[in-house]
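Notes for the one structure printed next.
The values are calculated or read from the model by the stated rules, or taken from the named source; none is laboratory data. As the structure is a prediction and not an experimental result, all values here were calculated from the model. As a convention, Cβ positions derive from the backbone with ideal geometry for all residues, glycine included, and neighbour counts pool all protein chains shown. We work out accessible area using only protein heavy atoms, side chains counted, and drop any ligands, DNA or RNA first. Shrake-Rupley method; radii C 1.70, N 1.55, O 1.52, S 1.80 Å.
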Amino acid sequence: SEKHQLIQTLNITDLVVHQVARLLKQFPLLNASLTESGIQNHETIDIGVTTDVQERLYLVTLPDADTIPLHAMSLKRLGNVMELMRGNHHAVDLSGGTFAVTVLNEPATSHQIPIIYPGHAAILGLGGVQTRFRPGDDGLPTLRQIVGLCISYDHRFINGALASRFMQAVADALASPVLDQE
């Protein structure tokens, strides 16, 4: 069933990309490019997701990512990985998108310092999921899964306050995600 497929394919990357794509509507400057003629705002939110296949790194684009339901995004991401594993690079959009998310899945990697892709304003770095004790609602230590997030941005036209507000919005969205009903 489709629900069973979703459970098998859905991961933290899908959830982060889903939430980030929707948040970029509120932070359009982070979905822009600096060109010779000035700041170019992009009309679409096309998220590039780093994908490591057979020791090669690809930036696979999910066009119009803000319009893709979470379950469809997960299946599309998995389909892209499968096409790359088969060597069908032409079947995958490698244009780079308008904003990038880079993923380091190893639990030992809590944070990273990603380099901005050419033509992008920023890149969000996602560390590995770790299990740590954190205070629960009652103040007692509770085992929780946490993930490190970081952002690199083009300081020529993005200021730190904007990047900080975006990261807080991402953290809030991941703590209480708004999921599609489809």
Subject >> Long-range neighbours under 7 Å by Cβ, at least six apart or interchain, first residue of a type in the set (V, I, T) within segment 75-86, second outside any helix (DSSP H, G or I) >> reply: V81/T51; V81/V53
Subject >> Residue identified as in contact with an Asp or Glu (Cβ under 7 Å, 6 or more places away or on another chain), in contact (Cβ under 8 Å) with a residue 12 or more places away in the chain and either open to solvent by less than 40 Å² (accessible area, probe 1.4 Å) or acidic (D, E) (or both) among G97, G125, G148 >> reply: G97
**OP:** With the checklist (1) exposed (fewer than 15 other Cβ atoms within 10 Å of the Cβ); (2) in contact with a Gly (Cβ under 7 Å, 6 or more places away or on another chain); (3) farther than 18 Å from C150 by Cα in hand, flag the one item H111 doesn't pass.
**Re:** (3)
Original post:
When segment 103-149 is examined, which residues are found to be of a type in the set (D, E, K, R) and assigned to a strand (DSSP E or B)?
Top reply: R132, R134, R144
Original post:
How many residues are open to solvent by 20 Å² or more (accessible area, probe 1.4 Å) and under 19 Å from G125 (Cα atoms) when one looks only at segment 26-37?
Top reply: 3
Subject >> Complete set of residues in segment 38-90 that are among the charged types (D, E, K, R), exposed (fewer than 15 other Cβ atoms within 10 Å of the Cβ) and not in a loop (DSSP other than H, G, I, E, B) >> reply: D52, R56
**OP:** Kindly provide the set of residues from segment 57-66 that are more than 12 Å from the chain's Cα centre (by Cα) and touching a residue at least 12 places away in the same chain (Cβ under 8 Å), ordered by number.
**Re:** Y58, P63, D64
**OP:** Considering each residue of segment 14-44, count those that are hydroxyl-bearing (S, T, Y) and in contact (Cβ under 8 Å) with a residue 60 or more places away in the chain, and give that number.
**Re:** 1
